[in-house]
Amino acid sequence: MSVWLTTERLALRQFTIEDLDWYAHLCGDPAVMRYVGGTKDRAKAEAHFHDRILRYYDAHAGLGVWATVDRASMTPLGMHLLNHMHGEPMIQVGFVLEKSAWGRGLATEMAEALLRYGFVDLALPRIVAVADLENTASQRVLRKIGLDRRGERTFPHPIYASQGPLAWFERGAQDWLAERRV
């Protein structure tokens, strides 16, 4: 399977139907899904996989949810995304990693690469992110990659509304690129 974005330790590749079992397992892990809407049973995971991941690639060139894999072994470790927020026009960055990948800087490493891709290659004017208010680890990652916390927001889409207010992050391309001298 071909990768399209790499960092020192990681690579992103499109999900394929062969990833469905792994994805369903990830979505069923309560610890992993604690802050991202809760676990999904097999049927919900499969529907989400087809509708929100596989079909999205064709409809939105350059954007999507990708498998985050160990660059050396190509073993899946999680997923990173740069896509439209559900029901919103904004482009968000995000990540979900298996427990075995936590605490190693992997979310930060690839999320920063995705911001660079979004701002430089796609010329996006702004990228946003949300995190559960209790998920301080993800909020630290979002700050490390250069997003600014701008308070809290709620959204009408059911995937977000069920979580209540979320920590809101955003950054404009001009400021992010200038800060990194890109």
Could you tell me which numbered condition Gly37 fails, if it satisfies all but one of (1) assigned to a strand (DSSP E or B); (2) out of contact with any strand residue (DSSP E or B) (no Cβ under 6 Å at 6 or more places or on another chain)?
(1)
Val3: passes all of (1) touching a Gly at 6+ places or on another chain (Cβ under 8 Å); (2) touching a residue at least 60 places away in the same chain (Cβ under 8 Å) but (1)
Would you check if there is a residue in the range 13-27 being out of contact with any Pro (no Cβ under 8 Å at 6 or more places or on another chain), of a type outside the set (D, E, K, R), assigned to a strand (DSSP E or B) and at pLDDT 95 or above?
yes
Residues satisfying the stated conditions in the range 172-182, i.e. under 16 Å from Thr108 (Cα atoms) and modelled with pLDDT of 95 or more
Trp176
Tell me which strands (runs of 3 or more DSSP E) are completely within the range 42-147 and hold 1 or more residues being surrounded by 17 or more Cβ atoms within 10 Å (Cβ to Cβ) and of a type in the set (Asp, Glu), or say none if there are none.
126-132
Residues in the range 159-179 that are without any contact (Cβ under 8 Å) to a residue 40 or more places away in the chain and either in contact with a Gly (Cβ under 9 Å, 6 or more places away or on another chain) or not in a helix (DSSP H, G or I) (or both): how many?
6
Quick check, is Ser2 at pLDDT below 95 and more than 29 Å from Gln174 (Cα to Cα)?
yes
Has the range 76-84 got any residue that is farther than 21 Å from Ala167 by Cα and more than 16 Å from the chain's Cα centre (by Cα)?
no
Could you go through the range 9-22 and let me know if any residue there is crowded, with 16+ Cβ neighbours inside 10 Å and farther than 21 Å from Glu109 by Cα.
yes
For the range 26-34, state whether one or more residues are surrounded by 18 or more Cβ atoms within 10 Å (Cβ to Cβ), farther than 19 Å from Ala129 by Cα and not acidic (Asp, Glu).
yes
Being closer than 22 Å to Tyr56 by Cβ, modelled with pLDDT of 95 or more and either of a type in the set (Asp, Glu) or surrounded by 12 or more Cβ atoms within 10 Å (Cβ to Cβ) (or both) is the requirement here; does Ile159 meet it?
no
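The values are calculated or read from the model by the stated rules, or taken from the named source; none is laboratory data. Because the structure is predicted, anything quoted here is derived from the model rather than measured. We place every Cβ from the backbone using ideal geometry, glycine too, and count neighbours over all the protein chains shown.
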